[in-house]
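Here's the structure, in structure tokens; my notes come after.
The values are calculated or read from the model by the stated rules, or taken from the named source; none is laboratory data. Predicted, not measured: the structure shown is a model, and the values here were computed from it. Please note: Cβ atoms are built from the backbone with ideal geometry, for glycine as well, and neighbour counts cover all protein chains shown. The area values use the complete protein model at the heavy-atom level, side chains included, leaving out ligands, DNA and RNA. Shrake-Rupley method; radii C 1.70, N 1.55, O 1.52, S 1.80 Å.
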Amino acid sequence: MDGKKKLPIGIEDFQEIVAGNFYYVDKTGLICNLLQNWGKANLFTRPRRFGKSLNMSMLKSFFGLGGESGLFDGLAISKETELCEAYQGKYPVISISLKGIHAGTYGAAYRMAAQLIQEEARQQQFLLDSPKLTKYDKEAFSKLLQADMEEGVLCYSLKLMTQLLQKHYGRKAILLIDEYDVPLAKAFEHGYYDEMVLLIRNLFEQALKTNDSLKFAVLTGCMRISKESIFTGLNNLKVLSAADVRFDEYFGFTDREVKELLEYYGLSSQYGLVKEWYDGYQFGNVEVYCPWDVINYCDLLRADPDAQPQNFWTNTSSNDAVRQFIQNAGKGPTKREIESLIAGETITKEIHQDLTYKDMYRSIENLWSLLFTTGYLTQRGRPNGGQFHLAIPNKEIRMIFTTQIMDFFKETVQKDGETLHCFCEALKNGDAKGVETYFGSYLRKTISIRDTSARKEMKENFYHGILLGILGFKDEWGVSSNRESGDGYTDLLIETDEGTGIIIEIKYAHDGNLETACEKALAQIRQNQYSGYLRDEGIGKILNYGIACYKKRCKVAVAEAE
């Protein structure tokens, strides 16, 4: 062992991280800012995996009665001595997370919510012995411990707990609700959204509106659900979104924090890769990295210094928002806007941060807002009212877009069997013009991946992937990609069902000269003797194809192997 602190992979409990000698990026300045910028009910909305749950655990550890002594020693908040004396360990805290409420029916989701409240109530069973509570108080509290909790009891539960805790301790309670919108997302997915909206609305209205026993509340979530849907009549709600400059540095890792982390583990040489793959989000005025990605990649690098970056984000989500977006892009301006984004450019769109789940997928305009709030797009510069300058944050998210584009393209190819047949027939028969026509049609229909910062070889990989995606549905053909043959590796090597061999070399014509690029491709096939493998397999007829591409244009040349 190197004696370094452990990396907190998947750990969201503040006390466990600090007491367990894990590496902690100090976000305790959030506490000071929260108290100085007072809000009775505060809602923080950020994409997933940006430290919301850990920050909520940190708040609980700081404000909660009976917290472990010395847990915050040496952290930023410890320098605020007057604030610590006034607030640290002084308040009863109710802390719940709604992230686990995801069920196929409303009944199952309701039972999960009831169990969640029962679990929190069990932590406060001492109230049943409190001399400061009446027998009626205790009877009301006992109902929170019952397995068959009535809906009216559930909706009043959080308010009741704050009232009883204030009676017992003589201090108002703090309420923390993490991932408040997860039950709504699951309800929308499974068709009981209206019922769940009513339940959550009643629960929140009781707890957050005109509750004299509440010191303050903090809620977190991915989406900012419109007030008309959940927070009806709640005039004291302070919404702090990714676009807000307040609290902008407390979710996600800043550049300085990433440099310090890499230096601590002796990984400073990997800074460029980490930045390229996981930086690029803008919250308020601060540029931040995704903490989940940085920590996971650092963990890989500690085991293998040559480990390449991975797409950790994909493993935490179905990426349904991107898939829906690609599928609904159509043939018009939206398609070109996606191509611009993938090319590293910025586009300007009206963003609505307070949609309901019912609205999110109803139009392509609302999907822009969904992609922004969920972190697939980020802002550049300052918004002008509701107009945001949007960009794909980094290489990791760009890869998610390109993967979804290719997957959707393959689905489209599979559905159009006639075009697929015509393309393959032209390819097999040495019909260069036919191949050019059908391949050009495919290119015009799909969303181009034309990253302007990518090397020429990377751009060729896109067209290579398109061809591979088309030919992957020709089950009777043997299709190999980047196979060793002769004195090199062929882009594509094909054995048809009728015994014809096909070699394809793809070139990106960066200067737009498609004919010259075709000639270079055919020359490369001849010079490197790519037909060697097919000859060894006893195939007599071999067709060499040079395919040149530039944006959505292509040129195809064919020659029979000598």
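Out of ASP244, ASP248, report the one residue that is surrounded by fewer than 19 Cβ atoms within 10 Å (Cβ to Cβ), at negative phi and within 29 Å of the chain's Cα centre (by Cα).
So the residue among ASP244, ASP248 that is surrounded by fewer than 19 Cβ atoms within 10 Å (Cβ to Cβ), at negative phi and within 29 Å of the chain's Cα centre (by Cα) is ASP244.
Tell me the residue from LEU390, LEU341, LEU377 that is open to solvent by less than 20 Å² (accessible area, probe 1.4 Å) and free of Cβ contacts under 8 Å to residues at least 40 places away in the same chain, please.
Result: LEU377 is the single residue among LEU390, LEU341, LEU377 that is open to solvent by less than 20 Å² (accessible area, probe 1.4 Å) and free of Cβ contacts under 8 Å to residues at least 40 places away in the same chain.
Go through the stretch 513-562 and give me each residue that's out of contact with any Phe, Trp or Tyr (no Cβ under 9 Å at 6 or more places or on another chain), open to solvent by 50 Å² or more (accessible area, probe 1.4 Å) and outside any helix (DSSP H, G or I).
GLN529, GLU537, GLY538, GLY540, LYS541, LYS551, LYS552, ARG553, LYS555, GLU560, GLU562
Which of the numbered conditions does GLU85 fail, given that it passes all the others? Conditions: (1) in a helix (DSSP H, G or I); (2) touching a His at 6+ places or on another chain (Cβ under 9 Å).
The number of the failed condition is (2).
Restricting attention to the stretch 88-109, which residues are β-branched (Val, Ile, Thr) and farther than 18 Å from TYR192 by Cβ?
Correct list: VAL93, ILE94, ILE96.
Going through GLY3, GLY74, GLY10, GLY39 one at a time, which residue ends up being out of contact with any Phe, Trp or Tyr (no Cβ under 6 Å at 6 or more places or on another chain), outside any helix (DSSP H, G or I), open to solvent by less than 30 Å² (accessible area, probe 1.4 Å) and among the small types (Gly, Ala, Ser)?
GLY39 is the lone residue from the list that is out of contact with any Phe, Trp or Tyr (no Cβ under 6 Å at 6 or more places or on another chain), outside any helix (DSSP H, G or I), open to solvent by less than 30 Å² (accessible area, probe 1.4 Å) and among the small types (Gly, Ala, Ser).
Take the stretch 401-433 and flag every residue that is open to solvent by less than 10 Å² (accessible area, probe 1.4 Å) and over 28 Å from the mean Cα position of the chain (by Cα).
PHE423, CYS424, ALA426, LEU427
Quick one: would you say ILE447 is in contact with a helix residue (DSSP H, G or I) (Cβ under 8 Å, 6 or more places away or on another chain), modelled with pLDDT of 90 or more and either closer than 11 Å to PHE409 by Cα or open to solvent by less than 10 Å² (accessible area, probe 1.4 Å) (or both)?
no
The conditions are (1) surrounded by fewer than 21 Cβ atoms within 10 Å (Cβ to Cβ); (2) under 16 Å from PRO393 (Cβ atoms); (3) of a type in the set (D, E, K, R), and ASP354 fails exactly one of them. Which is it?
(2)
Within the stretch 281-294, can you find the residues that are part of a loop (DSSP other than H, G, I, E, B) and either out of contact with any helix residue (DSSP H, G or I) (no Cβ under 8 Å at 6 or more places or on another chain) or of a type in the set (S, T, N, Q) (or both)?
Passing the criteria: GLY284, ASN285.
Checking LEU165 against (1) open to solvent by less than 10 Å² (accessible area, probe 1.4 Å); (2) closer than 24 Å to GLU12 by Cα, which test does it fail?
(2)
Residue check: is GLU484 at pLDDT below 90, open to solvent by 50 Å² or more (accessible area, probe 1.4 Å), closer than 22 Å to GLY540 by Cβ and outside any loop (DSSP other than H, G, I, E, B)?
yes
Kindly provide the set of residues from the stretch 57-71 that are in a helix (DSSP H, G or I) and either open to solvent by 10 Å² or more (accessible area, probe 1.4 Å) or at pLDDT below 90 (or both), ordered by number.
SER57, LYS60, SER61
Search the stretch 103-123 for residues being part of a loop (DSSP other than H, G, I, E, B) and under 19 Å from ASP148 (Cα atoms), and hand back the single one that is least open to solvent (accessible area, probe 1.4 Å).
The extreme case among them is ALA103.
Every residue in the stretch 171-205 that is open to solvent by less than 60 Å² (accessible area, probe 1.4 Å) and not in a helix (DSSP H, G or I), please.
ALA173, ILE174, LEU175, LEU176, ILE177, ASP178, GLU179, TYR180, ASP181, TYR192
Scan (1) in contact (Cβ under 8 Å) with a residue 24 or more places away in the chain; (2) open to solvent by less than 10 Å² (accessible area, probe 1.4 Å) for the single condition PHE141 breaks and write down its number.
For PHE141, the failing item is (1).
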